[in-house]
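Engineer: My structure is below; once you've seen it, I'll send some questions.
The values are calculated or read from the model by the stated rules, or taken from the named source; none is laboratory data. These numbers were taken from a predicted model, which means no experiment stands behind them. Reconstructed Cβ throughout: ideal geometry from the backbone, glycine too, with neighbour counts over all protein chains shown. All accessible areas refer to the heavy atoms of the entire protein, side chains included, with ligands and DNA or RNA removed. Shrake-Rupley method; radii C 1.70, N 1.55, O 1.52, S 1.80 Å.
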Amino acid sequence: MAFFLAVANRKGGVGKSTVAVMLAHALSVHGGKRVLVLDLDSQCNASLILLGGQGWNEARKAGKTISDYFYDLFDGIPANARDYVAKNVGDVTGANGKPAPISLVPGSLLLEDIQGELYLKQANQSNNPETVANRVRGRMESLIRRFEGDFDVVILDCPPGLSFAALAALKTADKVIVPFRPDYVSQLAVDRIALLIEDTRNLDDLITIPLAERRYVCVANYVRDDNKDYMMIEEISLVHPVLDTFLPQRNGIANSFDFIGQSRSIDAKYGDAAADVKELHGEIQRMMQATTKVAVQ
Ligand SMILES: Nc1ncnc2c1ncn2[C@@H]1O[C@H](COP(=O)(O)OP(=O)(O)OP(=O)(O)O)[C@@H](O)[C@H]1O
Ligand SMILES: [Mg+2]
């Protein structure tokens, strides 16, 4: 069974896709894991980082995106999830000098349309909006789960909004990674997604759940060497679980967004952030082990 890691935050531009792809590279190269990235955002940034513009266009033309899979299934075509998975994506070399064995289900601009169509279809069968919404989310959830065979870790890169795909990802995830920028607006966004993940009504209810038992963990990103940023991280840590590792604002992280056709080592790709990537990987690896142990008990 794969470990599902969703990377989510209802706020845009906090580094969700950056962290999702960074973890894919690190878990594959440093951790030797078989990693799949599922791009659930119709902006398709994770796909662009891992395939480049040309590669993503080719996947679209070949009908090998997440929406193609969903449409084929709805049309009753006997679609096999494996056929929609692009292998050996990204521009990082693995231990043997070959491209790191990272797989990707490419994102699609049509993912929102398909969720709308699913909703309408379900709405014909029930007048209760909550039932309809639950059914659509459940359908998306079972579709996401179909990809888990063959992989140790499935990383779900979520959109900033609350699409059914995002809600399904939050439900499916063994752990949700919530990147945030240390500012006041981000703090509110972390509160909102935490309530959703833990299914609690307000912060008073949320804080009754011990930090170690929460299904999400936050990671501070874009951190400047500035007391204000450190104080904000401290403040958020009082209410939410926050990783010890934080990601500073680094050129190496900003540049990792650009797909370069030729593979290079993970350290070369992340440049001045190579050590941050290793540290993040170590902490995530320990967290995954601890979560799996709790689940097995
Ligand atoms: N630690 C960092 N240092 C420098 N640049 C960063 C860092 N983290 C993210 N960025 C840059 O910030 C921008 C936004 O990051 P990213 O697209 O990963 O955010 P996102 O949360 O996925 O956004 P969206 O909500 O639009 O999907 C990108 O240009 C990325 O390169
Ligand atoms: Mg993104």
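Engineer: How many percent of DSSP beta bridges within the chain run antiparallel, rounded to 5? Numbers along the way, then the final one.
Structural biologist: Numbers: 2 of 28 bridges.
Antiparallel bridges make up about 5 percent of those DSSP assigns within the chain.
Engineer: Right, here's the next one. Using Cα-Cα distances under 8 Å and only pairs 6 or more residues apart, what relative contact order does the chain have, in percent?
Structural biologist: Working: 527 pairs, mean separation 80.2, N = 297.
Worked out over the chain, it gives 27 percent.
Engineer: List the equivalent ellipsoid semi-axes of the stretch 3-296 in whole Å, largest first, each obtained as the square root of 5λ for an eigenvalue λ of the Cα gyration tensor. Please list the in-between numbers first.
Structural biologist: Details: eigenvalues 160, 135, 53 Å².
Value: 28, 26, 16 Å, ordered largest first.
Engineer: Could you work out [θ]222 nm for the chain from helices alone, using -39500 (n - 2.57) per DSSP H run of at least four and dividing by all its residues? Round to the nearest 500 deg cm²/dmol.
Structural biologist: Working: 12 runs with 144 residues, N = 297.
Helices in the chain give a 222 nm mean residue ellipticity of -15000 deg cm²/dmol.
Engineer: Another question, if that's okay. Considering Cα pairs under 8 angstrom that are at least six residues apart, work out the relative contact order of the stretch 216-297 and quote it in whole percent.
Structural biologist: On the way: 66 pairs, mean separation 23.0, N = 82.
Relative contact order comes out at 28 percent.
Engineer: Which FRET efficiency value, to the nearest 0.05, do you get for Asn134 and Val239 by plugging their Cβ-Cβ distance into 1/(1 + (r/R0)^6) with R0 = 30 Å? Could the numbers behind the result be given before it?
Structural biologist: Details: r = 28 Å, r/R0 = 0.95.
Efficiency for this residue pair is about 0.60.
Engineer: Now a separate question. How many nm is it between the label spots at Gln125 and Ala95, if each spot is 7 Å from the Cα in line with the beta carbon?
Structural biologist: In this crude label model, Gln125 to Ala95 measures out at 4.6 nm.
Engineer: Would you list, by chain and number, the lysines whose Cα falls below 26 Å from the Cα of Lys33, excluding same-chain residues fewer than 8 positions away?
Structural biologist: Lys16, Lys64, Lys87, Lys98, Lys171, Lys175, Lys269, Lys278, Lys293
Engineer: Would you mind checking the stretch 50-71 for residues with the amide N under 16 Å from a putative spin-label position 7 Å along Cα→C-beta of Leu109?
Structural biologist: Inside the label zone: 53-68.
Engineer: While we're on this one: Which far-off residues, 5 or more places away or on another chain, put their amide H under 5 Å from the one on Ile102, with H placed in the peptide plane?
Structural biologist: Those lying under 5 Å, H to H, from Ile102 are Asn88, Val89.
Engineer: Oh, and also: Once amide H atoms are placed 1.01 Å from N in the peptide plane, what residues at a sequence separation of 5 or more from Asn221, or on another chain, have their amide H within under 5 Å of its amide H?
Structural biologist: Under 5 Å from the amide H of Asn221 lie the amide H atoms of Phe180, Arg181, Leu247, each far enough along the sequence or on another chain.
Engineer: Moving to a separate point now. Heavy atoms of the protein only, probe of 1.4 Å, neighbouring chains included. What is the accessible area of Arg250 in Å², nearest 10?
Structural biologist: About 80 Å², ignoring ligands and nucleic acids.
Engineer: Still on this structure, I have one more. I need the Kirkwood Rh of the stretch 116-183: take the reciprocal of the average 1/r across all distinct C-alpha pairs and report it in angstrom.
Structural biologist: Details: mean 1/r = 0.0744 Å⁻¹.
Hydrodynamic radius (Kirkwood, Cα pairs) of the stretch 116-183 is 13.4 Å.
Engineer: Further question: Local charge sum around Asp83 (other residues, Cβ-Cβ under 12 Å, Lys/Arg +1, Asp/Glu -1)?
Structural biologist: Working: positive: Lys64, Arg82, Lys87, Arg146; negative: Asp68, Asp72.
Net local charge, Asp83 excluded: +2.
Engineer: Right, next: Connecting C-alpha atoms closer than 10 Å in a GNM of the chain, tell me which of Gln285, Gln115, Gln54 has the biggest fluctuation.
Structural biologist: Gln54
Engineer: Quick one: which residues, 5 or more positions from Phe4 or on another chain, have an amide H under 5 Å from its amide H? H modelled 1.01 Å from N in the peptide plane, none for Pro or chain starts.
Structural biologist: Val154, Asp174, Lys175
Engineer: Spelling out what I want: for every residue of the stretch 246-261, take phi, set θ = phi - 60°, compute 6.51 cos²θ - 1.76 cosθ + 1.60 (Karplus), and round to whole Hz; glycine and proline get x.
Structural biologist: Ordered by residue, 3J(HN,Hα) equals 10, 9, x, 6, 9, 4, x, 6, 4, 6, 5, 5, 8, 7, 10, x Hz.
Engineer: Peptides 213-219, 15-21: what's the order by average Cβ count within 10 Å, highest mean first? Let's see the in-between values first.
Structural biologist: Values: 213-219: 18.9, 15-21: 25.1.
Descending mean neighbour count gives 15-21, 213-219.
Engineer: Give the distance, in whole Å, between the Cα centre of the stretch 215-250 and the Cα centre of the stretch 3-19.
Structural biologist: Centre-to-centre (Cα) distance: 15 Å.
Engineer: With r as the distance between the Cβ atoms of Tyr230 and Ala268 and R0 = 41 Å, compute the FRET efficiency 1/(1 + (r/R0)^6) and round to 0.05.
Structural biologist: Numbers: r = 30 Å, r/R0 = 0.73.
The pair Ala268/Tyr230 has a calculated efficiency of 0.85.
Engineer: Indicate the helices, whole DSSP H runs only, in the chain that combine a mean Kyte-Doolittle hydropathy of -0.5 or more with a Cα extent along their long axis of 27 angstrom or more. Spell out each step's value before the answer.
Structural biologist: On the way: long enough: 274-296 (33 Å, -0.13).
Qualifying helices, which must be both long enough and hydrophobic enough, are 274-296.
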